[in-house]
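The values are calculated or read from the model by the stated rules, or taken from the named source; none is laboratory data. Bear in mind that the values here come from a model prediction, so they are computed numbers and not experimental data. Neighbour counts are summed over all protein chains in view; Cβ atoms, including those assigned to glycine, are modelled from backbone coordinates with ideal geometry. Each accessible area value is taken on the protein alone, full model and side chains, heavy atoms only, with ligands, DNA and RNA left out. Shrake-Rupley method; radii C 1.70, N 1.55, O 1.52, S 1.80 Å.
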Amino acid sequence: MEVAGLPVELWRVILAYLPLPDLGRCSLVCRAWRELILSLDKTRWRQLCLGCPECRHPNWPNRPHLEPPSWREALRQQALASRTWTRNGPEPDSAACLYLFRRKKDRRTWRVGPGLEHETLRGALSAAGAYDRVVLHPGVYEEQTEVALKVPVEIVGKGKLGEVALLVSIDQQCPTARLCNLVFMPAWFSPVVYKTSSGHVQLDNCNLEGGQLQVRGPGTCQARYCSFGQASGAHFQGVALSLLESCDFSGSETASVTVEGPPVSDRNWACRHLAALAKSSAAPFATAAASGRGLLLWAGPAAADSGRRPPGEGGRAPSAPPLGVASTPEDPWRKGALVQGRRWGGGGLREGTVIEDGCSESEPSEEEDEGEGEEEDQELQRDREAQALAGSVQGCLLRRCLFRDGKGGVLVCNHGQAWLEGNVFRGLTYAVRCIQNAKIVMLRNEVSGCKGSGVFLRLSAQGLIAENNIHSNAEAGLDVRKGANPIILCNRIHSGLRSGIVVLGNGKGSIRSNQIYGNKEAGIYILYNGNPVVSGNHIFQGQAAGIAVNENGRGLIIENVIRENQWGGVDIRRGGDPILKNNFICHGYSDGVVVGERGRGVIEGNHIYCNRGCGVWVMSSSLPQLSRNSISHNRIYGGAGGGGGGGGANENFNEEGELLAWESDLDSEDERFSSRRPVTVALVEGNSISNNGAVGLYVKSSEALNAVGNVLRGNGGAGVALLQSAQLSRLVANCICGNGRAGVTVAAGCRAELRGNGIYDNRGPGVSSRGDGQIVENDVVGNRGCGLRLRESADIKVLRNRVQSARGCGIVVLEQVKGVVQENLVFQGWAGCTKPLLHRDPGNNTCVLLNNTLLARGRKSNRQTDPPWALENPPPRPQPEGQPTSAPSGPPAQRSIAIATRITARVESGCHNNGSIFCTIL
C-alpha cells in the first residue's frame, strides 16, 4: 500500500490503533513508511509511552509539565532498560569451550497470585531459574523471614503502580536482579527492604515506603523513576559506582541518600555498564572532554583504574579589569555610568557592554540563560583544576532527582564520593552535607528553601560545586568550614535569608565566577580563620555587605565586581586580615570599603567609585594598608578614618547567637599573618583619590597614619583633613591639587608631618594648620588662599618649602603660633598682588622667622622682562602634569597629575617608634 494513496492525517488516525510490535514492523517497510511512523511522535508514541504501566513521564519528577524531545526515544530507552540488567560481563573464553553452554535467550515467566502457579513470592523464587521473570498480580505479599535471592531474576508487578505491595526484606546473593513496578514496605523484623553486597540490582518505577535500600561495595545499584517516601532512603557504603536517575525523595527523617566510605577497588560486572550510561547522558559539554579540551564529567572506574586524568591546557586565565573608569558629568553616581568597555561573564568582563542599572533579582530570560550556560561551559572547560577534581570522583551518581520536604537530601561522609547533577533540593533542613574527607561534584542542581544551610562542607571535605542555582535558604547558601577546600564555580547564589557563602573555622576553597546577589546578609562572609580565594565573582544587590571579613578571617579577594550593596562593598573588622586586590567596588548605598575596629588587610589596586558613602572608611584601632587604589566619585569622602561610616558600622548578622554557635567549630591556627609584612601604622600609599563629594582623605582617629605618594585631586572638600590625630600622621610625597577647599587642613590638637608634597591649585589655602608638627620641603603653589596658614597655639617647624599663592599671602603666622619658619622660598604669583609674601601677627613673639627668601615682581614689570620663578633644584614635587616649573601668572587651571619618579626625604625629628618605614620613596 502506497503511503501517498491517503492523506497523512488519515494515516495517523489509522495507525493510532496499532500496537507497539506492529508499529515497529511498519517502520521497516521503506523510508516513506518509516517517516510516517516517526511523525506519530506526539500522538501514538506519546500514548504508548504514558500508557505503559512500567513507565513514568520521561521528565518526572522535576519537569513533568515539559514534553521530552521525542516520545518514541523515551519509550525506546525504557525498553532497553528492561534488558540491560542481564548484561553480566564479558563473553566467556572460547578456548575453555564455555561458549557451548551459554544461557538461552528465552526466559520462563512465573505468575504469582491467588489461584495462579504460586501464591507466595518465596515459592516462585524457589522454583525460578536464572534470568526468569516473576510477575506478581495485584495484592499484598508478606514474608515473615528474610528472603534470599540466589539466582538472577526479574520481579515485576502487574497493573498500575501501587497495586502490588511487598512486605519483605530481601538479601540479594546473586550477580544481578531487576525489580519493577513494585511498592516495598519494611517487614516487622527489619527496616531494610533490600540489600546487596556483591551483585547489581536495577529498580525501575518502584516505591519504597518506610524502608531502606542498602548497597555495599562491590555491589552496585541502578534506580530509575523510583519514589522514596517517609522514613525511607538509600544507603551506599564503599560502592565503586551506582546510579540513581529521576527518583523522588520526600519526607525523610534523616538523609535521603547516604554515601559512606571510600570506593572499593573490587569491581563487579555492572561497573563498566553503569560508567557507559553515566558518560552517554552526561552534561552537554561532555563531548568536549573527548576532544581533549573540556571538563571530564564522569571518569568512572575505567579511568580510575588506568590512572587517567582529564586532558586540558592550563588553568583558567585570570580575568582582566575593565578598560577604564570614566564618569558622566551629569550624574557621576548614576548606576552603570562608570564601568565601560567590557561585560561581566564567567571569569571576567567581556568586550562591549556596560554594567547597567537594569539588573534585578528576577530569573533570567531563556536567551540570557542559554548565553550564560555557554559561558559557564567555557569557564569549566578552561579550568584544569576543576577538570582534575571531576575526573577523580567515583562512587554514587545522582541525576535529575527530586529531594523535598524532609530533613536531609544527600550525606557524603567518611571518604565517600558522590556526583550530583541536575537535581532539585527543595524544602529540606539541609540539601547536601559533605564531611570527613569526602569528595563531591555538584553540577547544575537547584537548592532552595532549606531551613539550614543549603550545601555544607566540613572536616577536610573537597568538591566541585558548579553551575548550581542556590537560593532562598534560611541560612547560608554554602557553608564551608573545618578545613574543607571546595571549588565553587559559576553558581547563582541569591535571595538567601542570611549570607550567600560562609567560610569559617579554617575553611578554604576557591570561589570563582559566581553571581551572588539579593542575600539579606553578606554575599560572602569570611570569619574564624577562614581563608578562601575569591576571584572573578559578581556580588551585587545584597541587603548587607558584599564581602564581610570578620573574627580573624583572611582570604585573597581579587578581580570581583561588587556593586549596589546596602552596606559596605567590603567590610573588614575584628581581626579580619584579607588581601583585597583589583576589584571593582561601586554604586553601593553606603561605603565602598569599611575597615572597622581591629581590622587589617592589604587593599591594593581596586577601583572604588560611585558609592553613596565614603570610598574607604577606616575606623579606630585598625591597621590596613591601602595602596594603588582608584577612589573616585564617591558621594562623601574618598578615604576617611574615624569613629563611624555612612552605613558600614552595622554588624553583618542580625543575631549574635549565630556567631556564638560558630565559635564551637574553631581550631587554632597561628600562621594566619605569615604572609603579611609587619605593620604598626596604618598606611595609605600610591592611591588616586579624586572627584569625591567631600574631603579626599579625612582622618579623625587617635591612631597614627602614613599617607605616601597619593594623588588627591578634584574633591569637593579639602584634599586632606586631619581632625583628630593624637599620634603623628605623616603625609609624604603626595600630589594634592584642584580640590574644592584647602589642600591640607590640620585641626587643633593634631600632630602632623608634611614632607615632599606638591600642593597645587586648590580653591582654599594650600595648608591650613592649627596643630603641631613639621612642614618640610613641600611645594605649595597656585592655591587661591594663602600658601601656608598657621593658627592658634600650634608648635610647628616650617622648613625649606617653596610657597606661592595665587591671591593671598605666601606664609601667614597668626595668634600664638610657636616654632620656627626657616629657609623657605616664597615668591609672588603675579605683579598685581598686594598681599605680603610673609606675614606674622604683630602680637606673635613666639615664632622665629629665619633665612627665608622672598621673591616679588615689580609693580610695573612684565612677564617678558621678569625672570620666571623656577622649581629646579630640587625638581618639582609631585605636580599636575604639564605644569611649568615657573610660578603661574594667573588663576590656576585644572590639570592632570603625574607623580615624581623619585623623592629622597630626610626625617628631621628622628625615627618614629625606634624605626622609620621611610628611607627612599619610589
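For labels at N873 and S265 in the simple 7 Å Cα→Cβ model, what's the distance in nm? It works out to 8.3 nm between the two label points. Couplings 3J(HN,Hα) of segment 140-151, computed from phi: 10, 10, 10, 10, 7, 9, 5, 9, 9, 9, 9, 10 Hz, in residue order, whole Hz [Karplus 6.51 cos²θ - 1.76 cosθ + 1.60, θ = phi - 60°; x for Gly and Pro]. Summing +1 for each Lys or Arg and -1 for each Asp or Glu, what net charge is found among the other residues whose Cβ lies under 13 Å from the Cβ of V168? Its environment carries a net charge of -3. Each principal axis of the Cα cloud of segment 674-780 was taken in turn, and the coordinate range along them, longest first, works out to 44, 29, 27 Å. Descending by average beta-carbon neighbour count within 10 Å, the peptides 378-391, 35-48 line up as 378-391, 35-48, the highest first.
Here the simple spin-label model places points 7 Å from the Cα toward Cβ, and for V13 and E119 these points are separated by 5.2 nm.
Sorted on the mean count of surrounding Cβ atoms within 10 Å across their residues, most packed first, peptides 232-241, 172-181, 836-845, 811-820 read 232-241, 172-181, 811-820, 836-845.
Explain nothing, just the number: relative contact order of segment 709-766, from Cα pairs under 8 Å at least 6 residues apart, as a whole percent.
Values: 154 pairs, mean separation 22.4, N = 58.
Here the relative contact order equals 39 percent.
Starting from the Cα gyration tensor of segment 1-59, take the square roots of the eigenvalues, sort them a ≥ b ≥ c, and report rounded, prolate or oblate (rounded when a/c is under 1.5, otherwise prolate if a/b is larger than b/c, else oblate). Please list the in-between numbers first.
On the way: a/c = 2.36, a/b = 1.95, b/c = 1.21.
Prolate, since a/c reaches 1.5 and a/b exceeds b/c.
Take every Cα pair under 8 Å whose residues are at least 6 apart in sequence, average their separation, divide by the length of segment 141-256, and the relative contact order is 19 percent.
For the listed peptides 601-607, 547-553, 64-70, 536-542, a ranking on the average number of other beta carbons within 10 Å per residue, highest first, reads 547-553, 536-542, 601-607, 64-70. Take the cross-link list K482/K508; K439/K520; K451/K520; K520/K581; K520/K700; K407/K520 and give me the ones stretching past 19 Å between alpha-carbons. Cα-Cα > 19 Å for K439/K520; K520/K581; K520/K700; K407/K520; rest within. Taken along the Cα-to-beta-carbon direction at a fixed 7 Å, the label points for A127 and R83 span 2.8 nm.
When the square roots of the Cα gyration tensor eigenvalues are ordered a ≥ b ≥ c, the ratio a/c for segment 731-832 is under 1.5, which makes its shape rounded. Across the protein chains, with a 1.4 Å probe defining accessible surface, the residues W188, W85 rank W188, W85 from largest area downward. For L243, the residues whose amide H sits under 5 Å from its own are C221, Q222, A223, L397, ignoring neighbours fewer than 5 places away on the same chain, with H placed 1.01 Å from N.
Listed values for segment 515-520 are Karplus-derived 3J(HN,Hα) couplings in whole Hz (6.51 cos²θ - 1.76 cosθ + 1.60, θ = phi - 60°), namely 9, 10, 7, x, 8, 6, and x replaces Gly and Pro.
For a test of the definition: using alpha carbon positions, the gyration tensor, and the 1.5 limit on a/c, classify segment 778-829 as rounded, prolate or oblate. Verdict is oblate for segment 778-829. Each residue of segment 534-549 is assigned a 3J(HN,Hα), and the resulting list reads 10, 9, x, 8, 10, 10, 8, 6, x, 8, 9, 6, x, 10, 10, 10 Hz, derived from the Karplus form 6.51 cos²θ - 1.76 cosθ + 1.60 (θ = phi - 60°), x at Gly and Pro.
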